[in-house]
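Below you'll find the structure, written out as structure tokens, and then a few comments.
Laboratory data are not the source of any read-out in this text; all were calculated from the coordinates shown. As the structure is a computational prediction, the values presented were derived from the model and not from experiment. FYI the Cβ positions are ideal-geometry reconstructions off the backbone, even for glycines, and counts take in every protein chain you see.
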Amino acid sequence: MDQVSPTAMDTPRRGPNLPSWTLTVINSFDVTPKMRRVVFGVENVDQFEYKPGQDIVFFLNDPEGGHGRRHYTVRAIDRDAGTLSVDFVLHGDSVGPSFARNAKPGDQVEVKGPRGRVVFKPDADWHLLTGDETCIPGILHILENLPAQARAFAFIEVEDESWKQDFETEGEVSIEWIARGSARPSSVMVDRLSSFELPGGHGQALIIGETSNVRAQRHYLIERGFSRDRIASEGYWRPGRNGGHDHVDD
Ligand SMILES: Cc1cc2nc3c(=O)[nH]c(=O)nc-3n(C[C@H](O)[C@H](O)[C@H](O)COP(=O)(O)OP(=O)(O)OC[C@H]3O[C@@H](n4cnc5c(N)ncnc54)[C@H](O)[C@@H]3O)c2cc1C
């Protein structure tokens, strides 16, 4: 298991000069009906240092003949096997899901990373993690790597319960899968947070997912007394945007 480093709090903002890697598809399968895992072989995987919650940037063929940048979180690393797994949400026929559906053993793809500051921050009495389907890989990877006794509350917004996954953790974890239905955007997460009684002590929140939802949750937590520096948040996608990510710092 990759332990979460106590220095995760200090993860520096990385510029564009991220390390490059060539990944080779080994295997792919559906984890749940609309979540496809691709297992990649990575040469020198021992040199791939990352924090659970970080992502890599894929350069995927787009229909215009170019290379679309798409962010995907590290779902698992198996250093003995030399593999890195990524879970792709199959939300449509866009570049990311098309790549995942068509991935065949031996296919190669270029990625850069790891990147991202929105990672587990150990310096807290308890942790709040929220996200939607795109955040299942990151949230579960963080939970699977929690230090023993770390206390975490995870809320994951999903279309329906077919998205649920089992996982193992040494932490004290409470997880809720909140069914939203197909209508989006949805206010289910802010509604759920409004009845979440904040535990005593210092909390640390990690808020990810669709950008407008991330912003609404961040503002709601600030209203409830969370200080900005204890909320790590990032917009993972947004209607009408192709690839990229949104800083949500306000
Ligand atoms: C740091 C980070 C980590 C991420 N990790 C993951 C991950 O592990 N797994 C994962 O599946 N995604 C992850 N995402 C989200 C993923 O990068 C985006 O959803 C991306 O837009 C997918 O690319 P695409 O080619 O499918 O769609 P794009 O070509 O980027 O978008 C086409 C259209 O599809 C819509 N759209 C995009 N994403 C979604 C969605 N998820 N649901 C519904 N509609 C959508 C938008 O309207 C968009 O205009 C992550 C994003 C970030 C920033």
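Which residues, taken from segment 125-134, are part of a loop (DSSP other than H, G, I, E, B) and either of a type in the set (Ser, Thr, Tyr) or within 16 Å of the ligand (Cβ to nearest atom) (or both)?
Of all residues in segment 125-134, those part of a loop (DSSP other than H, G, I, E, B) come to 125, 132.
Hit for segment 125-134 is 132, nothing else.
Would segment 190-208 turn up any residue that is in contact with a strand residue (DSSP E or B) (Cβ under 6 Å, 6 or more places away or on another chain) and near the ligand (Cβ under 10 Å from one of its atoms)? Yes, the conditions are met somewhere in segment 190-208. Being part of a loop (DSSP other than H, G, I, E, B), within 15 Å of the chain's Cα centre (by Cα) and within 14 Å of the ligand (Cβ to nearest atom), is that true of even one residue in segment 135-155? No - not one qualifying residue is present in segment 135-155.
Residue count for segment 49-101, restricted to those that are near the ligand (Cβ under 9 Å from one of its atoms), under 24 Å from residue 160 (Cα atoms) and among the basic types (Lys, Arg): 1.
Taking residue 88 as the residue in question, decide whether it is within 16 Å of the chain's Cα centre (by Cα) and among the aromatic types (Phe, Trp, Tyr). The answer is yes for residue 88.
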